Amino acid sequence: MAFIGVALSIFIIYRIYMWLQSSPRSFMKDQIPFNKVIIPHPSIDILEDEGYEVVGGKLKIPLSFNVNGAQMYSRLFIDYVATKEEGSIYLVILSRPRKPLDFTGSGLRDTLLPYLLIYPECSGVLYVNTAAGSIQVIKLGRDDGESN
């Protein structure tokens, strides 16, 4: 009888552990990879001044395309991963002097849509302009087709 009780207890503890691991918050952290190495940069101070906490360093996302049987490769880069509130995770992209972000609908689509589609569970993208000391919070929305 004691053996059955111990086995049942272990099974219940295991099921509770598995249930906690599958919670939405845990799922989100499992989907977006975290690089534990955070390289110091002035943008981290800007993010922290605005209430964000940097939880991950630079990420390289490898991409592979098959075009008429030929493999082509590319990659996307995320500079940091940050959080502000419980459960909100933001991808951080730093401004680049040679590649400024065009703040138009098509410019944002062309530049940031791949990030938001690869990680739809993220809360958005933080575009940090280190020179100006500003942060743009960019979230993906859907157009209902009724706007002009």
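Data table
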quantity: Subset of segment 90-111 (residues that are among the hydrophobic types (A, V, I, L, M, F, W, C) and at pLDDT 90 or above); calculated: Leu91, Val92, Ile93, Leu94
quantity: Output for segment 36-70, where each listed residue is of a type outside the set (A, V, I, L, M, F, W, C) and in contact (Cβ under 8 Å) with a residue 40 or more places away in the chain; calculated: His41, Pro42, Ser43, Glu50, Tyr52
quantity: All strands (runs of 3 or more DSSP E) inside segment 44-147 with 3 or more residues being under 16 Å from Ile32 (Cα atoms); calculated: 53-56, 59-67, 70-78, 80-83, 89-94, 124-129
quantity: Residue identified as of a type in the set (Ser, Thr, Tyr) and either at pLDDT below 90 or touching a Gly at 6+ places or on another chain (Cβ under 9 Å) (or both) among Tyr127, Tyr119; calculated: Tyr119
quantity: Qualifying residue in segment 24-39 (condition: surrounded by 12 or more Cβ atoms within 10 Å (Cβ to Cβ), of a type outside the set (Phe, Trp, Tyr) and modelled with pLDDT of 85 or more); calculated: yes
quantity: Sole residue being of a type in the set (S, T, N, Q), touching a residue at least 12 places away in the same chain (Cβ under 8 Å), surrounded by 16 or more Cβ atoms within 10 Å (Cβ to Cβ) and in contact with a strand residue (DSSP E or B) (Cβ under 9 Å, 6 or more places away or on another chain), chosen from Ser123, Ser88; calculated: Ser123
quantity: Meets criteria (within 19 Å of Tyr115 (Cβ to Cβ), modelled with pLDDT of 90 or more and either of a type outside the set (A, V, I, L, M) or in contact with a helix residue (DSSP H, G or I) (Cβ under 7 Å, 6 or more places away or on another chain) (or both)) for Leu47; calculated: no
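Every residue, every condition in (1) under 20 Å from Gly133 (Cα atoms); (2) among the acidic types (Asp, Glu); (3) within 17 Å of the chain's Cα centre (by Cα), yes or no:
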position	(1), (2), (3)
Ile32	no, no, yes
Ile46	yes, no, no
Glu50	yes, yes, no
Met72	no, no, no
Leu76	no, no, yes
Lys84	yes, no, yes
Val92	yes, no, yes
Asp110	no, yes, no
Pro114	no, no, yes
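The values are calculated or read from the model by the stated rules, or taken from the named source; none is laboratory data. Since this is a predicted model, take the numbers as computed values, not measurements. When we count neighbours, we look across all protein chains shown, and the Cβ atoms used for this are built from the backbone with ideal geometry, even at glycine.
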